1. Only one residue in LEU110, LEU191 is surrounded by 13 or more Cβ atoms within 10 Å (Cβ to Cβ), at pLDDT 85 or above and of a type outside the set (Asp, Glu), so which one is that?
2. Restricting attention to segment 19-31, and to residues there that are farther than 18 Å from LEU131 by Cβ and hydrophobic (A, V, I, L, M, F, W, C), which single residue is nearest to the chain's Cα centre (by Cα)?
3. Criterion first (free of Cβ contacts under 8 Å to residues at least 60 places away in the same chain, touching a helix residue (DSSP H, G or I) at 6+ places or on another chain (Cβ under 6 Å) and farther than 21 Å from LEU149 by Cα) does SER47 satisfy it?
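The values are calculated or read from the model by the stated rules, or taken from the named source; none is laboratory data. Note that the structure is predicted; figures quoted are calculated from it, not measured. With ideal geometry, Cβ positions are generated from the backbone for all residues, glycine too; neighbour counts draw on all protein chains shown.
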Amino acid sequence: MHSISNESGAGAIRDIRRGGILFTAGTSTGVWRILSGAVRLDHVDASGSRFVRLAVAGDCVGEETLAGGSHLSDARAVVHCQAQRLATGEGNDGSALAAGILQRQHQRFLDVVRLRTGTVSDRLRCLFAMLAGGSARAIGTFACPVPTLADLAAIVDAAPETVSRALGDFRREGVLRERRRAGVVVDGARLHAHPRPKEAGHAEVRAPSLAHRRRHRRSPVTAAGRVVAGIA
């Protein structure tokens, strides 16, 4: 079993292990608030499924059911988490819930951009900060749960090998330290430090620009002239 359920209606709390399912697309289980941990949502359609966002403690998922519809995404725990089913209500209560969800989602949309753009190192720093929640603001060290390598790669939109190398760099730099039970110890100060590529040992290699190639391209006429001059 991937999840332990105490469901009996509104207020029910589910304890979900890493990899466990909160709900699947096509079902309708209502709106859930993530109390701890994190859940990834994957949109499902005829072409398959794809990652759309990450919900962490304080976020709500399943808001599409407020309009009487079914879930449009699969929701799966990427680390151990707890989720509580909310009483949606009607009138002012329902409107207040919807307004709160919309305000929170704006930040999550911005987070998705940060999780999917920039260097892989920067994307992972954003992800660990999200997973750590309020602890990420700490100056010292703090414990942080870690998703599987496959989930990490899918969330930050990078190859597993690339993510693995970036994690290795984090360990060498002291950003992460291993600990048991699917978690790491994070150095808060180093997590938020952004070394330049050269300092991190990853000097960026850029392809020469078209103008650069043109400047260094030898003219056939000039080359032929040099050959003739050499013979003479």
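1. Within the list LEU110, LEU191, the selection yields LEU191.
2. Among residues in segment 19-31 that are farther than 18 Å from LEU131 by Cβ and hydrophobic (A, V, I, L, M, F, W, C), the one nearest to the chain's Cα centre (by Cα) is ILE21.
3. Details: free of Cβ contacts under 8 Å to residues at least 60 places away in the same chain: yes; touching a helix residue (DSSP H, G or I) at 6+ places or on another chain (Cβ under 6 Å): no; farther than 21 Å from LEU149 by Cα: yes.
Against the criterion (free of Cβ contacts under 8 Å to residues at least 60 places away in the same chain, touching a helix residue (DSSP H, G or I) at 6+ places or on another chain (Cβ under 6 Å) and farther than 21 Å from LEU149 by Cα), SER47 does not qualify.
Listed here are the residues, each with its yes/no results for (1) within 27 Å of ARG76 (Cβ to Cβ); (2) in the same structural domain as HIS80 (by TED's automatic domain parsing); (3) modelled with pLDDT of 90 or more; (4) in a strand (DSSP E or B).
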{"position": "GLY134", "(1), (2), (3), (4)": "yes, no, no, no"}
{"position": "ALA153", "(1), (2), (3), (4)": "yes, no, yes, no"}
{"position": "THR162", "(1), (2), (3), (4)": "yes, no, yes, no"}
{"position": "LEU167", "(1), (2), (3), (4)": "yes, no, yes, no"}
{"position": "GLU178", "(1), (2), (3), (4)": "yes, no, no, yes"}
{"position": "ARG181", "(1), (2), (3), (4)": "yes, no, no, no"}
{"position": "ARG196", "(1), (2), (3), (4)": "no, no, no, no"}
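Listed here are the residues, each with its yes/no results for (1) over 21 Å from the mean Cα position of the chain (by Cα); (2) outside the structural domain of ALA129 (by TED's automatic domain parsing); (3) over 20 Å from ALA10 (Cα atoms).
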| residue | (1), (2), (3) |
| --- | --- |
| ARG33 | no, yes, no |
| ARG40 | no, yes, yes |
| SER47 | yes, yes, yes |
| GLY62 | no, yes, no |
| LEU66 | yes, yes, no |
| GLY69 | yes, yes, no |
| HIS80 | no, yes, yes |
